[in-house]
Amino acid sequence: MLASAVIGVALILAGEALSFFHVLPWSRYVFPLFWYGYLLVVDSINHRLHGQSLISSRFEEFAFMLPISAFYWYLFEWYNLVVQNWTYINTPSEKWIEVTMKLVSFATVIPAIFETEHLLSWFVKTRRRKIRLYSSYKPNRSLLPIGATGLLLSVLPPLLPKLFFWAVWIGPLVLFDTINYYLGRHSFLRDWRSRDLSRTALFLLAGYVCGFFWEFWNYWAYTKWVYTVPIPNMPHIFEMPVLGFLGFGPFGLETCAFWTLVWGREKR
């Protein structure tokens, strides 16, 4: 796995060089360099720490993740046609190249969240800690109102984009997770029912870690996205307004819930 890590680091360094010294047309294509490099590096670390990893031990799942991940992010691109929270600049003039690069790049979204969560889980495992929810709250047996709320929040952003642009990162999460609960699969609602917040915390943090690197590498890139989120002026984390950055945590949960729904198995 050392070779994979070396290749990953080389890809990231190549992306950094093309970001800081724009060499066209190659500087338009740095995103795959960063994120396939990231996947190789983190997967190698996971294999070292856990003795198994997504790419090395569950390659069938990883290979299936790639096209599903591209489709998954296109769901948010379709939302964005109406909501218009972000736009891309300096994209290739040839439409087929632009679409191809987006598909290749979007394919890394789900694997990045799961590789990052796997890495973070090592810290929990080595310390033998579980984050417990000390509360008398338990979800009701009937989750129909929760699922209905998720469905409503999923359809409101295109209908009322100025008011419900934020629901893109909440509605599908609630809807997917409720379906997973009913199907008897892993779900955050089921975790909360047993008062265990460990998975929730890990995927929240994985979302923020990936969000940091998404924004960090995007900031200096030639082809990039910029935000048009309808919120007041405030400090930014790279291109992202601070309040908008908070959405990366729920997005990590949303990604886990979506993949659990698609894959239909335990993640490990």
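Read the figures in this text as sums done on the coordinates, not as results from a lab. Small disclaimer: the values here were computed from a predicted structure and weren't measured. A quick note on method: Cβ atoms are made from the backbone with ideal geometry, for glycine too, and the neighbour counts reach across all protein chains shown.
Structure summary
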read-out	value
Residues whose placed amide H lies under 5 Å from that of GLN84, excluding near-sequence neighbours	none
Whole-angstrom gap from region 51-116 to region 210-236, using each part's C-alpha centre	17 Å
Burial ordering of SER56, SER142, fewest other beta-carbon atoms within 10 Å first	SER142, SER56
Sequence-distant aspartates and glutamates (8 or more away, or on other chains) whose Cα lies within less than 17 Å of LYS95	GLU77
222 nm mean residue ellipticity, helices alone, for the chain (DSSP H n ≥ 4; -39,500 (n - 2.57); rounded to 500)	-21500 deg cm²/dmol
Neighbour-count order for SER121, SER187, fewest beta carbons within 10 angstrom listed first	SER121, SER187
Label of the coordinate-derived value, Cα extents along the principal axes in Å, listed as (1) 58, 48, 34; (2) 49, 44, 42; (3) 52, 40, 36	(1)
